[in-house]
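Enquirer: Just passing along the structure, written as structure tokens.
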Amino acid sequence: MQKTVWLALGLLISVATVARDAPAQVLVPDLSSSGSAANPLADTTMKPGKALLFDLEAKFAQATAEGGGKAFATWFAEDSVTLGKGQPPVHGREAIAKQATWSPKNYQLSWTPTDAMMSPSGDMGYTWGHYEGRTSNEDGKSQVTSGRYLTIWRKEPDGSWKVVLDASSDEPAGGDDCCRLPPA
């Protein structure tokens, strides 16, 4: 497990560097009857590993939209970790499930991957992008939270893919402020 955590932290540092310098691309998942995400034929430069990760994200997002927190938690590995904004780490699928209790009628969580990368061995990869959470307060006014996320995926011994690390942060103060150094 320590090896997985160190690998995940290494990937997190790598993605932070890549995310800072990468041009943004918008991926709108195709949630048609096939449930697949990106059409690899639309982007001839897309590698199969990236297409697989986009497909996993689309299925994960669709299941969450339909089943809420209960469905969200099923995508996590037994030894997974979530890192929420300003919250202590949550370790393990069971603990994540205890926190993910929202109903899709009361809270809608959606996200769109911006980019993805598969490991050379093809058994781990990450996605990152933008997320949005929508709910209503006691007065019935709509509330929206948004930010960025990073998800690290691992292929399990049974061939299924599970989330081993999910991290999120608030959106930067200004959309253009995310990657600039403060004035000297």
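The values are calculated or read from the model by the stated rules, or taken from the named source; none is laboratory data. Please read all numbers here as calculations on a predicted model, not as lab measurements. Ideal geometry is used to build each Cβ from the backbone, glycine not excepted, and the neighbour counts take in all protein chains shown.
Enquirer: Among what's in segment 149-160 and is without any contact (Cβ under 8 Å) to a residue 60 or more places away in the chain and surrounded by 12 or more Cβ atoms within 10 Å (Cβ to Cβ), pick the residue that is farthest from Gly68 (Cα to Cα).
Expert: Out of the qualifying residues, it is Lys155.
Enquirer: Let me ask something additional. Take the residues in segment 85-99 that are in contact with a Ser or Thr (Cβ under 6 Å, 6 or more places away or on another chain) and more than 22 Å from Asp158 (Cα to Cα); name whichever of them is modelled with the highest pLDDT.
Expert: Val90
Enquirer: For the condition closer than 18 Å to Leu56 by Cα and surrounded by fewer than 16 Cβ atoms within 10 Å (Cβ to Cβ), what is the one hit in Ser136, Ser80, Ser103, Ser121?
Expert: Ser121
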